[in-house]
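Visitor: Just dropping this structure here.
The values are calculated or read from the model by the stated rules, or taken from the named source; none is laboratory data. Here the structure is a predicted model, which means the values were calculated and not measured. Using ideal geometry, Cβ is built from the backbone for each residue, glycine included, and neighbour counts are taken over all protein chains shown.
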Amino acid sequence: MPQKGRLPVERKIKIVEDYLAGKEGISSICETTGISQTILRQWVRLYETRGIEGLVPTAKDRKYSAELKVMVVKEYIAGDISIEGLCRKYDITDPQIVRRWIKKYNDHKEFRTPKSGSEIYMVNGRKTTCEERIEMVSHCISNGKDYGKTIEKYHVSYQQIYSWVRKYEEHGVEGLVDKRGKRKPLEEMNEVERLRAEVKLLEAANRQKDMEIEILKKVQEVERRRD
């Protein structure tokens, strides 16, 4: 039977993880939980871009710079990417936010950068070494996949750090080695360096797990107080 009311965060996390693991299809999930496919896709996108914290309710709205708003609208108008794709690319919470920006742009209204809040800054990509990528992915993972903090600290683009985290999750340290040109991965990193990198990234993953456990404990405590 579909569940009524707001789902607990733990339930949302399990739904998304089961979907990503291929344990249950989107139609089956929507039928048993009563949520729409649009909402489920939004949860999946938030989980993939922000980790478990993306599914935890927050009291503060996320803030976006005027430059980002204009860039997103222009990309949409160019017709190369959908609104859902833009939300995934730039870590925008809700497709309705982009739709409002498009309407405002078409009405010739001015975008203003918020004076407070977690503003998203657009940073150009740059060349990096394998050691730098390991350091950045380790930092990002150990901070609960906070891409914004990683961008601010290391001055790389969102697309870069998001791509590196995904490559590490799929292929391990090998996924962070630049295979372009004639250099082979083993020539770029010796065995000792590779083992050190693996330990560093595993320690970061463990710190992320500890953070997730603490978040779930806090959420459970809040929900107990509501009962």
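Visitor: So which residues in region 9-45 are under 21 Å from ILE92 (Cβ atoms) and charged (D, E, K, R)?
Guide: Of everything in region 9-45, those that are under 21 Å from ILE92 (Cβ atoms) and charged (D, E, K, R) turn out to be LYS12, ARG41, ARG45.
Visitor: Next up: Can you run down the residue pairs with Cβ atoms below 6 Å, 6 or more apart or on separate chains, where the first is in region 146-175 and in contact (Cβ under 8 Å) with a residue 24 or more places away in the chain and over 18 Å from LYS89 (Cα atoms) and the partner is in a helix (DSSP H, G or I) and of a type in the set (Asp, Glu)?
Guide: Listed by first residue and then by second, the contacts come to VAL173/GLU198.
Visitor: What are the residues in region 139-179 that are assigned to a helix (DSSP H, G or I) and over 17 Å from LYS200 (Cβ atoms), if any? Walk me through it before giving the result.
Guide: Taking region 139-179 and keeping what is assigned to a helix (DSSP H, G or I), we get 139-142, 147-154, 158-176.
Once the filter is applied, which keeps residues that are assigned to a helix (DSSP H, G or I) and over 17 Å from LYS200 (Cβ atoms), region 139-179 yields TYR147, GLY148, LYS149, ILE151, GLU152, TYR158, GLN159, GLN160, TYR162, SER163, ARG166, GLU170.
Visitor: If you scan region 121-138, which residues turn out to be surrounded by 13 or more Cβ atoms within 10 Å (Cβ to Cβ) and either without any contact (Cβ under 8 Å) to a residue 24 or more places away in the chain or in a helix (DSSP H, G or I) (or both)?
Guide: Residues satisfying the conditions are CYS130, GLU131, GLU132, ARG133, ILE134, GLU135, MET136, VAL137, SER138.
Visitor: Of the numbered conditions (1) acidic (Asp, Glu); (2) at pLDDT below 85; (3) closer than 21 Å to ARG45 by Cβ; (4) part of a helix (DSSP H, G or I), ASP80 fails exactly one; give the number of that condition.
Guide: Of the numbered conditions (1) acidic (Asp, Glu); (2) at pLDDT below 85; (3) closer than 21 Å to ARG45 by Cβ; (4) part of a helix (DSSP H, G or I), the odd one out for ASP80 is (4).
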